[in-house]
1. Kindly indicate whether ILE41 is in contact with a strand residue (DSSP E or B) (Cβ under 6 Å, 6 or more places away or on another chain), without any contact (Cβ under 8 Å) to a residue 60 or more places away in the chain, closer than 21 Å to LYS103 by Cα and not in a loop (DSSP other than H, G, I, E, B).
2. If PRO206 meets every condition in (1) at pLDDT 90 or above; (2) open to solvent by 40 Å² or more (accessible area, probe 1.4 Å) apart from one, which number is that one?
3. Only residues that are surrounded by 18 or more Cβ atoms within 10 Å (Cβ to Cβ), among the charged types (D, E, K, R) and assigned to a loop (DSSP other than H, G, I, E, B): list them for the stretch 94-130, please.
4. Out of ARG164, ARG133, report the one residue that is free of Cβ contacts under 8 Å to residues at least 24 places away in the same chain and assigned to a helix (DSSP H, G or I).
5. If you check GLY156 against the conditions, is it open to solvent by less than 20 Å² (accessible area, probe 1.4 Å), assigned to a strand (DSSP E or B), farther than 27 Å from GLY242 by Cβ and in contact with a helix residue (DSSP H, G or I) (Cβ under 9 Å, 6 or more places away or on another chain)?
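The values are calculated or read from the model by the stated rules, or taken from the named source; none is laboratory data. Remember, predicted model here, so these are calculated numbers, not experimental data. Cβ sites come from the backbone with ideal geometry, for glycine too, and all protein chains shown count toward neighbours. Surface areas here come from the heavy atoms of the whole protein model, side chains and all, with no ligands, DNA or RNA. Shrake-Rupley method; radii C 1.70, N 1.55, O 1.52, S 1.80 Å.
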Amino acid sequence: MAAPVPEFSVVIPAHNEEAVIGRCLETLLANAPEGNPPEIIIAANGCKDRTVEIARELAPFATILDLPAGSKVIAMNEANKVARHAPRFFLDADLQCSYAALKATSDALRQPGVMAASPALDMDVSRSDFWVRAYYRVWMTQPYVTDRLVGSGVFGLSAEGLERIGEIPPTFADDTWVRTRFSYDERRNVAKDADGNPVHFTVSPPRTLRDQIKIEARRRIGSEQVLALYPSPHNTKINRPGNLGTALKNGASLLDVAIYLAMKTAALLQFRWNKARGKTPVWVRDMGARKTA
């Protein structure tokens, strides 16, 4: 009897992720069908810790690439060459996403015309401070999240979508680049499976105000880079001050909105200051969230 064909492939780029790779894999495999897990390619890149060792222990059937260069984009492209199945997901190692969430999203990606999709986004702010919690009470109501979000750490592509994008170019914002390759009608955000059960992936945001501002400044680097180097005819909605009324209608307070705007402004100023000094952009990770994983 022929071996069962996996429902989809999952690419997990990982750079020194020993603190979180176990959690990521355990969540993904917890409810995967016995005898037919998804194809998993772990693209370890520039790792100097136990990422590869832990991945081999928890997912012995997975393909593990131990790449010398510490580059997320290179890791994603190399894993993409190895992966055999579509739909295909790209999942950050510091996230938690179940097999059920990816299965529901893969079903959506098999619908005619759908090329890019993600499960619904859930933010676990349980370890974040007052300021970060206020920020995300507003952020979670904005169009980037609520209007066919594709990205923020996980995105899936259909066979046709994979063919369209080819290789991912060098960028700090791979998910933004991918999202802007597809029109609104070609994207989906999946909140329920075929039986009506809720599905989502979980992000642990920064713990402190200072770390959140650093991450927000990094987002601006990526957004500007995509806009300047990789323009797209597909305009995607982003969070704008005019959308803040939606936050107030959905339970955020005026104080939450004020904190949100102040943190956005601080990140913008930091971004502009670094740019004015000619500081070379660098990839910023939230190490606080990883320490508590």
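1. Details: in contact with a strand residue (DSSP E or B) (Cβ under 6 Å, 6 or more places away or on another chain): yes; without any contact (Cβ under 8 Å) to a residue 60 or more places away in the chain: yes; closer than 21 Å to LYS103 by Cα: yes; not in a loop (DSSP other than H, G, I, E, B): yes.
Yes; evaluated as a whole, the condition is true for this residue.
2. (2)
3. Hit for the stretch 94-130 is ASP94, nothing else.
4. Working: ARG164 fails: free of Cβ contacts under 8 Å to residues at least 24 places away in the same chain.
None of the other options fit; the residue is ARG133.
5. Values: open to solvent by less than 20 Å² (accessible area, probe 1.4 Å): yes; assigned to a strand (DSSP E or B): yes; farther than 27 Å from GLY242 by Cβ: yes; in contact with a helix residue (DSSP H, G or I) (Cβ under 9 Å, 6 or more places away or on another chain): yes.
Spelling it out, GLY156 is indeed open to solvent by less than 20 Å² (accessible area, probe 1.4 Å), assigned to a strand (DSSP E or B), farther than 27 Å from GLY242 by Cβ and in contact with a helix residue (DSSP H, G or I) (Cβ under 9 Å, 6 or more places away or on another chain).
Quick grid of which residues meet (1) in contact (Cβ under 8 Å) with a residue 12 or more places away in the chain; (2) in a strand (DSSP E or B); (3) within 21 Å of LEU162 (Cα to Cα):
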| position | (1), (2), (3) |
| --- | --- |
| VAL10 | yes, yes, yes |
| GLU17 | yes, no, no |
| GLY22 | yes, no, no |
| ALA32 | yes, no, no |
| VAL52 | yes, no, no |
| PHE61 | yes, no, no |
| ASP66 | yes, yes, no |
| PHE90 | yes, yes, yes |
